[in-house]
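Below is one structure, written out as structure tokens, with a few remarks after it.
The values are calculated or read from the model by the stated rules, or taken from the named source; none is laboratory data. As the structure is a prediction and not an experimental result, all values here were calculated from the model. Note that we place each Cβ from the backbone using ideal geometry, even for glycine, and neighbour counts take in every protein chain shown. Heavy atoms of the whole protein, side chains included, go into the accessibility calculation; ligands, DNA and RNA do not. Shrake-Rupley method; radii C 1.70, N 1.55, O 1.52, S 1.80 Å.
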Amino acid sequence: MPRLTHEEILLWLRETEPTALEQLFARADAVRHAFVGDAVHLRGLIEISSYCVRQCHYCGLRMARSIPRYRMAREEILACARTAVRLGFGTVVLQAGEDYGIEAAWLADVLRAIKEETPLAITLSLGERMPHELRLWREAGADRYLLRFETSDPALYAAIHPRRGAAVSDRIALLGELRSMGYEIGGGVMVGIPGQTYEMLAHDIELFEQLDLDMIGIGPFLAHPDTPLGVPGVPTAGAEQVPSSEWMTLKAVALARLACPEANLPSTTALATINSVDGREHGLQSGANVFMPILTPAPYRQMYQIYPGRTCNEEDAIRCNACLRGRIGRLGRTVGEGPGGRSARRGEADPLPCDAGHAADAAAVKR
Ligand code: SAM
Ligand code: SF4
């Protein structure tokens, strides 16, 4: 039995009444508290390369753009990992475009060095790499893999992800392979991609539960003017088009928490970009339990422009860390210690509330 029915999810996604939505956010916050606690985990984001062979219609790193690109050196990545340890983070996330210049054996060596030198958990987010490469990195110490499936709708997926030669892009199948390799797996979507309907977004949230995701990244679609989906007049789903607003994103975050109570859910930088005042806090109050501060060295950040105007892009890691800790403290939450993965939490923590208890929570969400 799914925790939320399709109709319930759809009703909530269409809800616009603020007082009703406050109930949804409060319910998600309570489930977050019960299942993953009050700790907010800090995952240091290191954007190790801006090269990409893909042409995703929404992304500023797509190959067709002739922009300055970079690939970080081993020592630069290790220096960022050391900064993560100094700042008290438990995890680093190594993210990049799908860059085959990141050679598998080279990265495996970097992963081993991070593991030998630090207690950090390592999350990779490097696109659709080959199974033998993903296996090698897992053996070298990578713990988790983030691969948003972007939309569960095959037609929309195909329309915005041009094929790369004869290769079939099936991120949902790849998530299954990653799990079988022993990774904790993370998926997710953008909210408000042109062409995304309420029905589609409801299916996305159902798929989070079916895949039993360990991590779920949800952020608003932010138009990049130099991409096919960022130009004026791009076709949308008309009256059924999901807006790429803060409220719609918060609804999706809250519903993801109710569907997947144990998952780690970031309050994303994209959410903080559409509301730089308190978007991050709203995410944490709607079911999220993770922040991903950026550790990428300053000169490279300007070149890693997925979308324009990313918040806090000029902040150095020390100030960013202090700011985020302040925000967490002011909400009465604590900063998580250690790797903070889902499986570690299951092993270490008190037994989690049983599913039956959660079924009651989910039932209470019905209106
Ligand atoms: N290349 C890897 C991949 O595609 O999984 C990792 C890097 S990619 C830039 C990380 C995520 O950025 C994507 O999964 C997508 O959801 C998000 N993203 C890309 N363009 C975006 C945009 N215009 N607005 C919001 N999020 C965007
Ligand atoms: Fe490349 Fe990832 Fe951007 Fe697609 S979303 S163009 S794979 S960096």
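Summary of values
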read-out	value
Test: residue in the stretch 204-215 that is within 10 Å of ligand 1 (Cβ to nearest atom) and of a type outside the set (K, R)	no
Residue under evaluation I218, criteria (1) crowded, with 18+ Cβ neighbours inside 10 Å; (2) out of contact with any Gly (no Cβ under 8 Å at 6 or more places or on another chain), criterion not met	(2)
From the options S169, S180, residue that is more than 22 Å from L45 (Cα to Cα), more than 12 Å from ligand 2 (Cβ to nearest atom) and hydroxyl-bearing (S, T, Y)	S180
V31, sole failed condition from (1) of a type in the set (V, I, T); (2) under 30 Å from H161 (Cα atoms); (3) in contact with a Lys or Arg (Cβ under 8 Å, 6 or more places away or on another chain); (4) part of a helix (DSSP H, G or I)	(2)
Qualifying positions in the stretch 219-240 - hydrophobic (A, V, I, L, M, F, W, C) and either within 9 Å of ligand 1 (Cβ to nearest atom) or in a loop (DSSP other than H, G, I, E, B) (or both)	F221, L222, A223, L229, V231, V234, A237
Residue check for G97: of a type in the set (G, A, S) and in contact with a helix residue (DSSP H, G or I) (Cβ under 9 Å, 6 or more places away or on another chain)	no
Filtered residue count, the stretch 35-88, keeping only those that are touching a helix residue (DSSP H, G or I) at 6+ places or on another chain (Cβ under 6 Å), within 16 Å of ligand 2 (Cβ to nearest atom) and assigned to a loop (DSSP other than H, G, I, E, B)	3
Condition met for S286 (among the polar types (S, T, N, Q), farther than 27 Å from G182 by Cβ, away from ligand 2 (no atom under 16 Å from the Cβ) and surrounded by 18 or more Cβ atoms within 10 Å (Cβ to Cβ))	yes
Some residue of the stretch 232-245 being buried (at least 20 other Cβ atoms within 10 Å of the Cβ), under 15 Å from the mean Cα position of the chain (by Cα) and either of a type in the set (V, I, T) or away from ligand 2 (no atom under 16 Å from the Cβ) (or both)	no
Residues located in the stretch 286-315, provided they are part of a strand (DSSP E or B) and β-branched (V, I, T)	V290, I294
Residues that are open to solvent by 10 Å² or more (accessible area, probe 1.4 Å) and among the β-branched types (V, I, T), drawn from the stretch 27-47	V36
Tabulated pairs, the stretch 185-196, first within 16 Å of I172 (Cβ to Cβ), second charged (D, E, K, R) and near ligand 1 (Cβ under 9 Å from one of its atoms), C-beta under 6 angstrom, 6+ apart or interchain	G187/R148; G188/R148; V189/E150
Selection count where residues are of a type in the set (A, V, I, L, M, F, W, C), within 27 Å of E206 (Cα to Cα) and modelled with pLDDT of 95 or more, scope the stretch 134-175	13
